[in-house]
Amino acid sequence: MEQTLATWLLPIVGVIAGIAIGYLIARNSAPNSTQRQVDELQERLDTYQSEVVSHFNTTASLLRKLTNSYQDMQDHLSEGADKLALDEQTRQRLLAALHSQDSHTQRERLNSPTFTEPPKDYAPKDADAPGMLHENFGLKSRH
């Protein structure tokens with residue numbers, strides 16, 4: 001009888017000990033993988049934010065260069081108009097045309113129409129029949 005009890009008791013104790021050890025190992029390793037995932041996501045977010053900042057810095061720099069180039073071109077045209085114009089009247093017209101474009105750089109906003117009318121029913125029909133846009137069009141009456 002003692003052998004039978006030992007034969008059953010040892011495997012049961014072994015299974016319980018295995019479950020306890022497995023639970024402890026799983027519990028300790030799960031936070032590490034979760035923490036690794038969080039760290040990886042944080043690193044990806046930081047990289048993305050860095051790329052966004054870099055993109056907008058480059059865009060601002062290019063826009064500054066474009067503005068400076070535009071200003072240089074306008075100065076060059078003004079100087080050319082001063083130097084190359086044959087008479088004072090031509091020079092004044094060139095300068096006026098050049099500087100009139102400055103006032104048109106801001107575009108006017110388009111306003112939505114103040115009144116919009118519903119669509120008209122242009123479908124061919126009999127004079128007394130409802131049009132295609134009528135709410136009862138295509139419905140058969142029960143009479």
What is the extension gain from LEU41 to LYS83, computed as 0.36 nm multiplied by their sequence separation minus the C-alpha to C-alpha distance, in nm to one decimal? 8.9 nm
With DNA, RNA and ligands ignored, accessible area of GLU88 (1.4 Å probe; Å², nearest 10): 100 Å²
Any chance you could run the full-extension gain for VAL15 through ASP75? It's 0.36 nm times the residue separation minus the Cα-Cα distance, nm to one decimal. 12.7 nm
Accessible surface of HIS55 - all protein chains present, 1.4 Å probe, nearest 10 Å²: 110 Å²
Hey, what's the Kirkwood Rh for the stretch 1-91 if you take every pair of different alpha carbons, in angstrom? 21.2 Å
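The values are calculated or read from the model by the stated rules, or taken from the named source; none is laboratory data. Quick caveat, the model's predicted, so the values are computed rather than measured. Side chains included, ligands, DNA and RNA excluded: accessible areas come from the protein's heavy atoms. Shrake-Rupley method; radii C 1.70, N 1.55, O 1.52, S 1.80 Å.
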